[in-house]
Amino acid sequence: MGRGRVQLRRIENKINRQVSFSKRRSGLLKKAHEISVLCDAEVGLIIFSTKGKLFEYATDSRMDRILERYDRCSYAENQLTAANHESPGSWALQHAKLKARLEVLQRDQRHLLGEDIEHLSLKELQTLENQLETALRHTRSRKNHLMNECITELQKKDKALREQIILLAKKIKEKEKEQAQQAPSDEQPNPEPSSSSSGGQPLPFHSLNIGGAYQQAAEENGGDVEVAPVFQIQLPPWMLPHVSG
């Protein structure tokens, strides 16, 4: 005998109502996941309990993207430009949707910061962990990319500075070489005495003792005679016969 048809109405018993909500909520989330996997569809499911607790399911955990797509499909551009002709009821509906979307974004932000995660299930925590790992992986990849760009730029600057240093060193060496070549031509050589008889070589000089006789006479007289000073004069050989004569 088959089961009779259950009449849909509010369950008056609070405990039975809570049990039924928990079971049917799990089944609904399971069905949403199945249809998203089997049919490759983007599914977004939002459930609020009687106490205001939020339960949701989104394909790839991107509820914000699904809501944006829903907004684009629900409201055409002509409806957005004709805002003056809209009724106050549509404005109230739009406000309610934006407020709900803001609450979802704020809740997701708190979850990403590690706040208000006590009521999350194991699956929701795993999804949040995967999101954080993906964000961390992308952040590290971007950081490594920027670091590699900075290292490459610094290497280019280092190479340019080395080339500039080598060029300056070459210029300094060339300048020093030019100065060394110009120095001998600027100096004038000092003339040296020479003689034609010696083949350009300087002649030897002989010392002449002037005043030596006076000094000898002073020694013989006991030192009473004033003696003129003795001078040593260098004379060339050709003047010696004339002086001695």
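The values are calculated or read from the model by the stated rules, or taken from the named source; none is laboratory data. The structure presented is a predicted model; accordingly, all values stated were derived computationally and were not measured. Counting neighbours? That spans all protein chains shown, and the Cβs are built from the backbone with ideal geometry, glycine included. What goes into the accessible areas is simple: the full protein's heavy atoms, side chains included, and nothing from ligands, DNA or RNA. Shrake-Rupley method; radii C 1.70, N 1.55, O 1.52, S 1.80 Å.
A few points about this structure:
- Contact annotation: residue pairs with Cβ atoms under 8 Å, 6 or more positions apart or on different chains, pairing a residue in the range 109-128 that is part of a loop (DSSP other than H, G, I, E, B) with a partner that is not small (Gly, Ala, Ser), are Asp116/Arg107; Asp116/Arg110; Ile117/His111; Ile117/Leu125; Ile117/Leu128; His119/Lys53; Leu120/His111; Leu120/Leu128.
- Search result, residues across the range 40-55 that are aromatic (Phe, Trp, Tyr) and surrounded by fewer than 14 Cβ atoms within 10 Å (Cβ to Cβ): Phe48
- Only one of the listed residues (Leu154, Leu128, Leu146, Leu132) is open to solvent by 90 Å² or more (accessible area, probe 1.4 Å) and of a type in the set (A, V, I, L, M, F, W, C). That residue is Leu154.
- Subset of the range 26-66 [in contact (Cβ under 8 Å) with a residue 60 or more places away in the chain and not polar (S, T, N, Q)]: Lys53
- When the range 9-29 is limited to residues that are exposed (fewer than 11 other Cβ atoms within 10 Å of the Cβ) and in a helix (DSSP H, G or I), the one that is modelled with the lowest pLDDT turns out to be Lys14.
- Tally, over the range 50-74, of residues that are more than 19 Å from Leu125 (Cβ to Cβ) and either part of a loop (DSSP other than H, G, I, E, B) or among the basic types (Lys, Arg) (or both): 6
- Residue satisfying all of: in the range 56-65; among the hydroxyl-bearing types (Ser, Thr, Tyr) and either open to solvent by 30 Å² or more (accessible area, probe 1.4 Å) or under 38 Å from the mean Cα position of the chain (by Cα) (or both); farthest from Lys30 (Cα to Cα) among these: Ser61
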